[in-house]
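Asks: Next up is a structure, given as structure tokens.
Every number in this text was worked out from the coordinates using simple rules, so none of it is lab data. Everything numeric here is computed off the predicted structure, so don't read it as measured data. Cβ placement follows ideal geometry from the backbone for every residue including glycine, while neighbour counts extend to all protein chains displayed.
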Protein chains: 4
Amino acid sequence: MNTESEPSRRTYSYLGPAGTFTEAALAQVVEARDQIWRPVRNVAEALADVVDGTSHAAMIAIENSVDGGVSTAQDALATVPGIRIIGEYVVPVNFVLVGRPGATLADVSLVSAHPVAYAQCLGWLSESLPEHAHVPAASNVASTLDLLDGANPANAAIAPPGILEHHDVELLAENIGDKDDAMTRFVLVGKTVTPPAPTGADKTSLIVELPDDHPGALMEMLEQFATRGINLSLLASRPIGDALGRYRFVIDADGHVHDERVADALLGLRRFSPKVIFLGSYPRADRAVVHYPERYSDEVFVEARDWLRGILSGEPEHGS
Amino acid sequence: MNTESEPSRRTYSYLGPAGTFTEAALAQVVEARDQIWRPVRNVAEALADVVDGTSHAAMIAIENSVDGGVSTAQDALATVPGIRIIGEYVVPVNFVLVGRPGATLADVSLVSAHPVAYAQCLGWLSESLPEHAHVPAASNVASTLDLLDGANPANAAIAPPGILEHHDVELLAENIGDKDDAMTRFVLVGKTVTPPAPTGADKTSLIVELPDDHPGALMEMLEQFATRGINLSLLASRPIGDALGRYRFVIDADGHVHDERVADALLGLRRFSPKVIFLGSYPRADRAVVHYPERYSDEVFVEARDWLRGILSGEPEHGS
Amino acid sequence: MNTESEPSRRTYSYLGPAGTFTEAALAQVVEARDQIWRPVRNVAEALADVVDGTSHAAMIAIENSVDGGVSTAQDALATVPGIRIIGEYVVPVNFVLVGRPGATLADVSLVSAHPVAYAQCLGWLSESLPEHAHVPAASNVASTLDLLDGANPANAAIAPPGILEHHDVELLAENIGDKDDAMTRFVLVGKTVTPPAPTGADKTSLIVELPDDHPGALMEMLEQFATRGINLSLLASRPIGDALGRYRFVIDADGHVHDERVADALLGLRRFSPKVIFLGSYPRADRAVVHYPERYSDEVFVEARDWLRGILSGEPEHGS
Amino acid sequence: MNTESEPSRRTYSYLGPAGTFTEAALAQVVEARDQIWRPVRNVAEALADVVDGTSHAAMIAIENSVDGGVSTAQDALATVPGIRIIGEYVVPVNFVLVGRPGATLADVSLVSAHPVAYAQCLGWLSESLPEHAHVPAASNVASTLDLLDGANPANAAIAPPGILEHHDVELLAENIGDKDDAMTRFVLVGKTVTPPAPTGADKTSLIVELPDDHPGALMEMLEQFATRGINLSLLASRPIGDALGRYRFVIDADGHVHDERVADALLGLRRFSPKVIFLGSYPRADRAVVHYPERYSDEVFVEARDWLRGILSGEPEHGS
């Protein structure tokens, strides 16, 4: 009986195991409630699940991440074809230091942590555990589990607070991150589909390769947005990898591909760039309505096309 | 019998009388041979002939003119609706000094000349006739005729060389212009029609008003061309006339409105500017083929539109 | 006795005769009161007076002029060396139609007027005197005087209102200009001297030749101002005269050469342009204080130089 | 006696232990031969050695690194005061897979590797060892040593080829990197000093924070270089870390701070940016002479200053 309904449930991949920040992001997705949550080990696996149909969508950290981070995900989005970003979620980042049951802070000499999490807690560690050594980990949650079953030689691990709900660990310290307001931004990635309808509070993600490495090329790319009144909320350079000094740019632009100004900017980018990848138009995590000057409204674009059509058909202009 | 064929002949207006540089420009128009040439007194009259159907077309001087000049014509094109430039012609500018039959250079004390022609011969006049005084004229040819019949108090007139073929004047000096290679550019203006087919050696004339007077607005306008690989062969500022510091720009851009890059630039200008006037796309006087980077070719524009259409319809990208 | 004090009086040249708009501009110059006012016939003569020491300064119309106009003056400033603009004055432009004593409007058939003044009254003339013909004049005031003594065949003349104070003419119509708020801007030109002290409400006049004719060159020139927060109140293109399509630009920039941002822009222009002429820094006619972003203040420039000096001398940076 | 000469030897810190790519970079430094080479565990330690005087200089990987990488080093340079880059070195990147003496490729199930090195060999690993698991390591060389003494549970390690010269390991596979021409760029960092004399083949490294997050700010920054003919060989964005969407840019610009155009660009950047850090001017690793348009030469800058000085002192211009 259960099996009848099972096929209709959707699978969502996320960087596991349970307790990660990525799981906290997935918990924000209304459509994912009561669906199947599939923990994976890295971004490549998450995207592969989407591409081969194992999962309906995958949650991955995209900016300022602590569990695997920006550049891996950005590079994956740049190279895996057939995927689209369909949603954005932001999770506050905070850390706890945990040990085996019964451990105390005074006992800690070896701290296991993902290098990025480690870097984000370095101030607290230097002050509270000046003699500690670092054991790098591929995943904070996974290494904490290794700590519990003895596979990890460390005697403490940095972990997200969610670990406390899932496992029997000793809480050694809370709020050990050096920045109170740290955030990680996640995106939900699905298969290529037609973009969802605009909500008025959307962003569009792109990856653009520059035609060559002179600074004028970057300015020319930026003008494609500026000349249409489009603000960028993310602009990150990533080496293309074929030679020193060659870059692609990861871009989040305000607006939706169904907006005339955004579609026109995409046309300009496509003509300009040897490679531009459309990653998707989707609602912003903060639901902030996109504002832009009236002169870039859809009506202005439509009116200009009508005007040009009149010119081409030989109509006299009226009160142009 | 003659009347039967007369209706089929076309009328061309030009700044007369016979002998002007404008007539020399009209003589270059193959289609105007054996048609009716109608001399008029100024640009406004010439354009009015076109608008009210008196003439099929009118020849007017547009740049570096000596018979009435740039700004009058540019302002007229900016304000008279329903007209289009359909051709461009260039005439070398040279001047003679003429008097009544029997006159000699030694007798000359009062020189009649249009102010622009006068300015172009000032070096020669200062050297050869240091004591002369200037009688300003509305037209060099007309004032020469006035000289012949006594209505003009001057005893010499500056005139185009063509005057010698039409009238019995005494040639007092030749080649008196201060610049050997002076040229005047003329345009043939007709009623608004669909633009003629591109020849590959075309230019497009525009008048664009800036949205306001800050320097950024001009840069933004220029970017509409630069970002599409379009060179400008003319960029002239003209006061709009409603306040100090407000300008419109008279522009000749390489290419034809049927070229994708030019049409796209027109759309950009139209969205940006409170007023943009399309004056026409027509063959260049010098027949020089327009060259532009391959990345601005029609194919690139078409390909970008196909790509965007694929995105909007949810097609996966192939080898983008 | 009078002769003793005479040598101490200064001479000011202006486009005469008495009654012109230029004289009205000169009347605004406090320092010129009770000095010698020398009427001249054209801009070239006025500037020559300054260069050869005949006059201390000369008043010339520079923008939207009605008595000889913009382009002549701009071209003269571009080519006469050794001069500087030392002040700016604005005069409202208005016209009267005058005739010989006893004349009436109904008698008028021939109207004498400078072509620019004629153009500015064309609306009124077309409506009130539809049958009139135009007699072009080199100067409105001079031609009015010719009208009075019979040397001018016209039976009415367009003139500035000032004519009524100096001559016995019949006023046929007032306020005949088509634009109520027309203005002419004049500059007072003297010999090259050190610039006067800044007042906070200054402008700087320049003439800049572009290195070549591509649109990028103009954008690059404009960036020299934009990148230093300097607004332009005048930007006029003028053909250089050696070939079609080559331009120089006449520029009025907000600020004074003693302002760091303006001096730095001048350095940038000089490096960029084959020819840049500094025409002067002087108080604005409207005495409007120049506002600019704090980041372009003198202090910011001084601080940056101190910082660079520290780098070059190997000092460690403090809280940069 | 030995002790007498010891003090005169200089200490160079590098990411150790012996056998790393960083050591290979240090081996390129002529001045470092026969000096003391001090292995350290991370970039922070290397820079601290310089700041506290323990070492004369430190070699750190800066771009496309495999032993700890770009972002850590870039962030360290942005935040540690009192240091300067004094040289640049490039090392080809290649990898070997090694095991304990007697091991064979068929035995390998657990591969130890720094995550970046792991990512660079993923293609080879997926093909040759499809069943392997990854043990993340903080350092490839250190984890190889742990492998040899049993502290590392892995049975193979990815390492730089240099490991073969220093340790008794079994070579399991060579050239396992997925890119044949991978390179890592290193910089040698010392205490703040006056910049070394220009060689004509120099670069200048900077870190610039944007005043705010709109795209126009980045374009304005890039213009500071473009408007002075300066090419950029590196432009990398790094989050500032205080909020999502705020970036600093790591820049390598062609030329030396002793070049007029570079010094002028630095002044422009300093005025524009809330924070700009000068990291140094130093010879390029490839010794390629920097070419730039003649109009940006030192002579042009000097001439412009002389011209401005003349203006300010009231000298008439000569043939400007």
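Asks: From the label point of D:ARG33, set 7 Å from Cα along Cα→Cβ, how far away are the matching label points in the other copies, in nm, ordered shortest to longest?
Replies: From this label point to the equivalent ones elsewhere in the assembly: 7.2, 8.4, 8.6 nm.
Asks: What list of ³J(HN,Hα) couplings, whole Hz, do you get for segment B:156-167 from phi and the Karplus terms 6.51, -1.76, 1.60, once you set θ to phi - 60° and write x for glycine and proline?
Replies: The phi angles translate into 7, 9, 7, 8, x, x, x, 4, 5, 7, 9, 9 Hz.
Asks: Could I ask something else about it? Taking every DSSP beta bridge with both residues inside the protein assembly as shown, roughly what % is antiparallel (nearest 5)?
Replies: Of the beta bridges lying entirely in the protein assembly as shown, close to 75 percent run antiparallel.
Asks: Continuing with this model, one more query. Quick one: which of A:LYS275/D:LYS275; A:LYS191/A:LYS275; A:LYS203/D:LYS275 span more than 31 angstrom between C-alpha atoms?
Replies: Result: A:LYS275/D:LYS275 exceed 31 Å.
Asks: Turning to a different aspect of this structure: By its C-alpha gyration tensor, with a ≥ b ≥ c as the square roots of the eigenvalues, how is segment B:5-65 shaped: rounded for a/c under 1.5, else prolate for a/b larger than b/c, else oblate?
Replies: oblate
Asks: What order, most packed first, do the peptides C:146-154, A:48-56 have when packing is the mean number of other Cβ atoms within 10 Å of each residue?
Replies: A:48-56, C:146-154
Asks: Moving to a separate point now. Would you work out the relative contact order for chain D, in percent, from Cα pairs under 8 angstrom that are 6 or more residues apart?
Replies: 19
Asks: Assign one of three labels to segment C:195-320, namely rounded, prolate or oblate, based on the Cα gyration tensor with a ≥ b ≥ c the square roots of its eigenvalues; rounded applies when a/c is under 1.5, prolate when it is not and a/b is larger than b/c, and oblate otherwise.
Replies: In terms of gyration-tensor shape, oblate.
Asks: Please sort B:123-136, B:33-46 by packing, taking for each peptide the average over its residues of neighbouring beta carbons within 10 angstrom, highest first.
Replies: For the peptides B:123-136, B:33-46, the packing ranking is B:33-46, B:123-136.
Asks: Averaged over D:80-86, how many beta carbons belonging to a partner chain fall within 10 Å of each residue's beta carbon?
Replies: Whole-number average of other-chain Cβ neighbours for D:80-86 is 2.
Asks: Averaged over its residues, how many other protein chain Cβ atoms are within 10 Å of peptide A:177-186's Cβ atoms?
Replies: That average works out to 2.
Asks: Quick one: helix C:215-226 against the long Cα principal axis of chain C, what's the angle to the nearest 10°, folded into 0 to 90?
Replies: Tilt relative to chain C: about 70 degrees.
Asks: Ignoring everything except DSSP H segments at least 4 long, calculate the 222 nm mean residue ellipticity for the protein assembly as shown; use -39,500 (n - 2.57) per segment, divide by total residues, nearest 500.
Replies: The helix contribution divided over the protein assembly as shown gives -8500 deg cm²/dmol.
Asks: Can you list, shortest first and in nm, the gaps between the label point of A:GLU303 and those of its counterparts in the other copies, using a point 7 Å from Cα in the C-beta direction?
Replies: For A:GLU303, the inter-copy label distances come out at 3.5, 4.3, 4.9 nm.
Asks: I've got another one for you. Sticking with the crude label model, points 7 Å out along Cα→Cβ, report the distance from B:ASP149 to A:HIS258 in nm, one decimal please.
Replies: Label-label distance for B:ASP149 and A:HIS258, simple model: 7.4 nm.
Asks: Would you kindly work out, in nm and rounded to one decimal, the distances from the label point of A:LYS191 to those of the same position in each other copy, ordered shortest first, with label points 7 Å along Cα-to-Cβ?
Replies: Label-point separations across copies, in nm and ascending: 6.0, 6.4, 8.8.
Asks: Hey, another quick one. Taking the rotation that carries B onto D, look along its axis and tell me which residue of B has the beta carbon nearest to it, distance in whole angstrom.
Replies: Axis relating chain B to chain D; nearest Cβ residue and distance: B:GLY216, 5.
Asks: Something else: Shape call for segment D:96-173 from the C-alpha gyration tensor, a ≥ b ≥ c root eigenvalues: rounded (a/c under 1.5), prolate (a/b greater than b/c) or oblate?
Replies: It is rounded, given that a/c, with a ≥ b ≥ c, falls under 1.5.
Asks: Starting at the first residue of segment C:132-146, write each ³J(HN,Hα) from the Karplus equation 6.51 cos²θ - 1.76 cosθ + 1.60 with θ = phi - 60°, in whole Hz, x for Gly and Pro.
Replies: Residue by residue, segment C:132-146 yields 5, 10, 9, 10, x, 10, 6, 8, 5, 5, 4, 6, 5, 5, 4 Hz.
Asks: Per residue of A:262-269, count partner chain C-beta atoms within 10 Å of its C-beta, then hand back the mean as an integer.
Replies: 3
Asks: Also, quick follow-up: Say each of C:ARG9 and A:ASP181 gets a label point 7 Å from the Cα, pointing the same way as Cα to Cβ; how far apart are those two points in nm?
Replies: For C:ARG9 paired with A:ASP181, the spin-label model returns 7.3 nm.
Asks: Using a Förster radius of 60 Å, what is the FRET efficiency between B:ASP212 and D:VAL193 based on their Cβ-Cβ separation? Nearest 0.05, please.
Replies: Result of the calculation: an efficiency of 0.75.
Asks: When DSSP assigns beta bridges and you keep just the ones with both residues in segment C:96-173, what percent turn out antiparallel, to the nearest 5?
Replies: Of those bridges, close to 50 percent are antiparallel.
Asks: Oh, and also: Which whole-Hz ³J(HN,Hα) couplings does segment B:176-191 yield from phi under the Karplus relation 6.51 cos²θ - 1.76 cosθ + 1.60, θ = phi - 60°, glycine and proline marked x?
Replies: 8, x, 6, 10, 5, 9, 4, 9, 10, 9, 10, 10, 9, 10, x, 6
Asks: Simple spin-label model, 7 Å along Cα-to-Cβ: D:ALA18 to C:VAL302 in nm?
Replies: Result for the modelled spin labels: 5.8 nm.
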